[in-house]
Structure formats: C-alpha cells, structure tokens
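**Q** Can you read through this structure? Questions will come right after.
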Amino acid sequence: MSVTLEANNLLGSYLRDRRTRLDPAALGFAVGRRRTPGLRREEVAQRANISPTWYTWLEQGRGGAPSPDVLNRIARALMLTDIEREHLFLLGLGRPPEVRYTATEGVTPRLQRLLDALDASPALIKTATWDVVAWNRAAAAVLTDYGQLPPGQRNILRLIFGDPRVRAAQYDWDSVARFVVGAFRADAARAGAVSEVGQLVDELCRLSPEFEALWRDNNVNVYGEGIKRLRHPILGQITLEYSAFAVDGRPDLGMIVYNPVTRSDADRIRSLVTSLPVQA
C-alpha cells in the first residue's frame with residue numbers, strides 16, 4: 001500500500017500494524033506457513049466475534065464508521081492497552097471511548113516523590129470520588145493530617161461537610177461548599193464514576209441538609225485554579241493559590257497544588273513543616 005493510501009486510511013494502517021505484532025501460536029492458532037508476521041485478518045475477526053468480511057473492509061477503509069461495540073471487540077482481540085484503545089477510537093470514530101472508572105488505592109513512588117519535593121506548597125492526589133490517596137507534609141500541616149484519619153474518612157466532601165475544624169478554617173464556607181459540590185459532580189461524571197459516588201452522595205444527604213440542597217441544584221464547576229484563604233490554628237490567616245492538574249493516563253486521579261501567595265507565607269509553612277515529627 002502506498003504512503004498516500006495509508007495516510008487516507010489511518011485506521012486500517014493501525015489495525016494492520018497491531019495484528020502483525022501478535023504471536024499466533026501464543027493465541028492458539030496454528031503457525032504453518034504465513035506470508036506475513038502476526039495474525040491473519042480472519043483470526044482477528046474470530047477473536048473479536050465479527051464478520052471476517054467486515055473486518056477486512058475496516059482495514060481497507062471501506063464500510064463506513066464502526067460502532068463503539070465493534071471497536072471494543074477489536075481492541076480486546078488485538079490485546080490493546082488503554083492508550084492504544086483510546087487511539088483506536090480516535091481513528092475510528094474521531095472521539096475517545098467512554099471512560100471506565102477504576103478505583104485506586106495509592107500512587108506510584110515517583111508521584112509521591114513529586115509531592116514531597118514541594119516543601120512549602122501543600123499538595124495532594126485525589127480520586128474522582130474525591131478520596132485523598134496521597135499528600136505531602138505541607139498538606140498535612142496546613143490542610144488536614146490525612147494520615148491520622150482512617151482511609152475511609154480521607155474524603156474531601158466528608159471533611160467539608162462533616163468536620164467542624166475544616167469548616168471553621170474556611171473564610172467563606174458557603175461559597176467553598178457550593179464550589180466543591182459542583183466540581184465533585186463534574187469530576188465524577190468525567191471519570192465515569194457516577195454510579196461509584198452514589199453511596200457517598202446518599203450518606204452525605206442523610207448527614208447534611210446543606211449538602212443535599214447543593215446536590216439537588218445540579219450545578220457543575222471546574223476546579224481549575226483560584227485563591228484559597230484559610231484560618232489556620234497556628235499560622236493564622238494564610239492565602240494560597242491553587243492549581244489542579246490531571247495525572248496523565250489516570251483519568252481517576254487529579255493533583256491539586258496550593259502555592260503560598262507571599263514569600264512570608266511560604267517561610268511560615270516551611271517552618272511549621274520542619275517542626276513536625278517525621279512520620280515513619
């Protein structure tokens with residue numbers, strides 16, 4: 001196939017490339033004499049449970065756009081990774097696949113080291129359900145010492161609506177509460193975790209009439225960036241600029257970094273962190 005034809009049929013080119021990388025013997029097919037490496041078209045179709053003719057048309061750039069179900073079957077047949085599956089959907093349909101939420105229990109050591117390098121900037125990693133799964137010493141000193149909480153209680157919504165100390169630390173609790181509920185709703189939907197947050201939402205609605213009212217408003221927000229003001233029991237008033245970041249390849253995780261606005265605030269945070277005992 002010419003370079004020009006391949007450029008006009010990126011989906012077919014990608015499918016051919018992926019199937020040539022698979023080992024027929026490892027997948028239970030007789031090797032015999034093959035003109036090209038990898039699986040034959042009919043073998044991919046068999047694994048995907050689709051018509052060999054339809055699969056051949058896809059590689060040849062014929063037959064129109066495939067359905068999401070067909071692309072998912074082909075992705076499994078070709079043993080694609082999540083990022084390869086996403087690329088397949090972008091080529092075949094012009095959009096990524098619907099996200100499939102996967103809960104996480106922690107982060108990689110590299111990501112934790114990144115948090116720890118921010119000595120004067122509180123930083124944390126949260127899931128799409130707003131459970132805090134990683135944090136640095138500055139976050140423990142300024143925001144909440146998550147290590148002193150049971151894992152099931154390390155949830156930002158539970159703290160905002162259920163912890164009097166966290167509530168008292170907010171300069172404008174009503175605005176903060178409204179904002180975080182809207183951002184939480186958007187995060188859960190974006191990560192495909194709407195069903196996963198149902199139990200948490202029901203619990204908070206029972207415990208907090210304020211949360212229930214805000215949840216029924218159906219507002220959505222983007223965390224993005226902004227200013228956070230706190231009343232800290234030791235530092236007093238402190239102002240932080242926050243920025244939210246996606247964790248590449250992990251739609252279930254997000255990182256929030258709070259930078260002190262002034263050098264004086266940074267020095268005060270750093271001094272407080274230094275005075276804290278080192279956790280084993």
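**Q** If you take the residues in segment 163-175 that are in contact (Cβ under 8 Å) with a residue 40 or more places away in the chain and surrounded by 15 or more Cβ atoms within 10 Å (Cβ to Cβ), which one is farthest from G226 (Cα to Cα)?
**A** A169
Conditions tested, residue by residue: (1) among the hydrophobic types (A, V, I, L, M, F, W, C); (2) at pLDDT below 90; (3) within 30 Å of M255 (Cα to Cα).
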| site | (1), (2), (3) |
| --- | --- |
| R35 | no, yes, no |
| L39 | yes, no, no |
| P66 | no, yes, no |
| I83 | yes, yes, yes |
| L111 | yes, no, yes |
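**Q** Further, regarding this structure: For segment 54-64, which residues satisfy the criterion of being surrounded by 13 or more Cβ atoms within 10 Å (Cβ to Cβ) and either modelled with pLDDT of 90 or more or not small (G, A, S) (or both)?
**A** W54, Y55, T56, W57, L58, E59, Q60
**Q** Failed condition for Q199, given (1) buried (at least 20 other Cβ atoms within 10 Å of the Cβ); (2) part of a helix (DSSP H, G or I); (3) not aromatic (F, W, Y), with all others met?
**A** With respect to (1) buried (at least 20 other Cβ atoms within 10 Å of the Cβ); (2) part of a helix (DSSP H, G or I); (3) not aromatic (F, W, Y), Q199 is out only on (1).
**Q** Which of the residues that make up segment 207-265 are of a type in the set (S, T, Y) and under 19 Å from L159 (Cβ atoms)?
**A** S208, Y223, Y242, Y258, listed by residue number.
**Q** Let me ask you something else. Can you name the residue in segment 28-45 that is in a helix (DSSP H, G or I) and open to solvent by less than 50 Å² (accessible area, probe 1.4 Å) and, of all such residues, is nearest to Y14 (Cα to Cα)?
**A** Of everything passing the filter in segment 28-45, V44 is nearest to Y14 (Cα to Cα).
**Q** Out of (1) open to solvent by 70 Å² or more (accessible area, probe 1.4 Å); (2) in a helix (DSSP H, G or I); (3) more than 14 Å from F179 (Cβ to Cβ), what's the single condition that is false for L204?
**A** The failed condition is (1).
**Q** Another question about this same structure. May I ask you to list the residues in segment 248-280 that are of a type in the set (K, R) and over 29 Å from the mean Cα position of the chain (by Cα)?
**A** R263, R268, R270
**Q** Restricting the search to segment 181-196, which residues are open to solvent by 10 Å² or more (accessible area, probe 1.4 Å), more than 13 Å from the chain's Cα centre (by Cα) and at pLDDT 85 or above?
**A** R185
**Q** Quick one: which residue in G254, G147, G226 is touching a residue at least 12 places away in the same chain (Cβ under 8 Å), assigned to a strand (DSSP E or B) and closer than 22 Å to T108 by Cα?
**A** After applying the criteria, what remains is G254.
The values are calculated or read from the model by the stated rules, or taken from the named source; none is laboratory data. Note that the coordinates shown come from a computational prediction; the quantities given were computed from them, not determined experimentally. All Cβ positions, even for glycine, are placed from backbone atoms using ideal geometry, and neighbour counts span all protein chains on display. Please note that ligands, DNA and RNA were not included when accessible areas were found on the heavy atoms of the full protein model with its side chains. Shrake-Rupley method; radii C 1.70, N 1.55, O 1.52, S 1.80 Å.
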